[in-house]
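Beneath this line is the structure, given in structure tokens, with notes to follow.
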Amino acid sequence: MILETALQVVDRFDPGHADRVAKLTFDLSQALGYEKKDAREFYLAARYHDIGKIAIPKAVLQKRGELTQEETRLLQKHVEYGMRMTRYIKNNLIRSIIATHHEHWDGNGYPHRLKGEKIPLCGRIVAICDVYDALTTDRPYRAAWSHDKAASYIRERSGAQFDPFLVEPFLRVVVPVGGTL
């Protein structure tokens, strides 16, 4: 109940983001061969990936224009805050997603600079879904990118930011109706 309330607060700053990321996570999980029951667990856990943003000042979350280095460091702390908020819940999948959805395949992510398969698969799945949704929706600092531009970015970052084994299955999942890649 408390997490649901926190999620509603976070959703005011980025309406629908948590649910869109969760839906993409569900779809990608199924495309990877997970049973519907397991994909549903991924869906439910993915909804909370940004829960720590409740502790980030509104001025940073809704800033128009580029963040300063200090604001970027503060925003990145949402992972730590999310982990603190959920330290007593028993759902390890939620905690794992919160902790690892900003790690990068090449080890240049945060907060732990995990690399490759040391990043739990659930975090790698949510990472690609999170970035795609962020790119294809309007943000205070820029207009939404087209599907094709976001897909190109994800392909370019394969093996660096994203698990290279997830990129093509993900892009097959998000092809817009009537679209091609």
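The values are calculated or read from the model by the stated rules, or taken from the named source; none is laboratory data. Note that the structure is predicted; figures quoted are calculated from it, not measured. Methodologically, a virtual Cβ is constructed for each residue, glycine included, from the backbone with ideal geometry; neighbour enumeration extends over all protein chains shown. These accessible areas exclude ligands, DNA and RNA; they are computed on the full protein's heavy atoms, side chains included. Shrake-Rupley method; radii C 1.70, N 1.55, O 1.52, S 1.80 Å.
Brief remarks follow.
- One residue stands out among those in the stretch 77-104 that are over 18 Å from residue 130 (Cα atoms) and not in a helix (DSSP H, G or I): the one that is least open to solvent (accessible area, probe 1.4 Å), which is 86.
- Restricting attention to the stretch 1-41, the residues that are of a type outside the set (S, T, N, Q) and open to solvent by 50 Å² or more (accessible area, probe 1.4 Å) add up to 20.
- Filtered by the rule that a residue be acidic (Asp, Glu) and part of a helix (DSSP H, G or I), the stretch 20-38 gives 27, 38.
- Taking residues in the stretch 139-168 that are without any contact (Cβ under 8 Å) to a residue 24 or more places away in the chain, and partners anywhere that are among the hydroxyl-bearing types (Ser, Thr, Tyr) and part of a helix (DSSP H, G or I), the pairs with Cβ atoms closer than 6 Å and at least 6 places apart or on different chains are 150/132.
- Residue satisfying all of: in the stretch 60-90; closer than 17 Å to residue 101 by Cα and basic (Lys, Arg); nearest to the chain's Cα centre (by Cα) among these: 77
- Residues being of a type in the set (Val, Ile, Thr), assigned to a helix (DSSP H, G or I) and in contact with a Phe, Trp or Tyr (Cβ under 9 Å, 6 or more places away or on another chain) - total across the stretch 55-76: 0
- Members of the stretch 128-159 that are acidic (Asp, Glu) and touching a Lys or Arg at 6+ places or on another chain (Cβ under 6 Å): 133
- For the stretch 112-130, residues that are in a helix (DSSP H, G or I) and either charged (D, E, K, R) or surrounded by fewer than 20 Cβ atoms within 10 Å (Cβ to Cβ) (or both) total 6.
- For residue 7, the criteria (1) under 22 Å from residue 141 (Cβ atoms); (2) at pLDDT below 90; (3) part of a helix (DSSP H, G or I) hold in every case but one, which is (1).
- Test result for residue 118, free of Cβ contacts under 8 Å to residues at least 40 places away in the same chain and more than 19 Å from residue 17 (Cβ to Cβ): yes
- Residues considered: 150, 134. Of these, the only one that is closer than 25 Å to residue 79 by Cα, open to solvent by less than 20 Å² (accessible area, probe 1.4 Å) and outside any loop (DSSP other than H, G, I, E, B) is 150.
- Any hit, the stretch 39-54, residues being of a type in the set (Phe, Trp, Tyr), without any contact (Cβ under 8 Å) to a residue 12 or more places away in the chain and outside any helix (DSSP H, G or I): no
- All positions within the stretch 117-148 that are among the β-branched types (Val, Ile, Thr) and in contact with a Ser or Thr (Cβ under 7 Å, 6 or more places away or on another chain): 119, 125, 126
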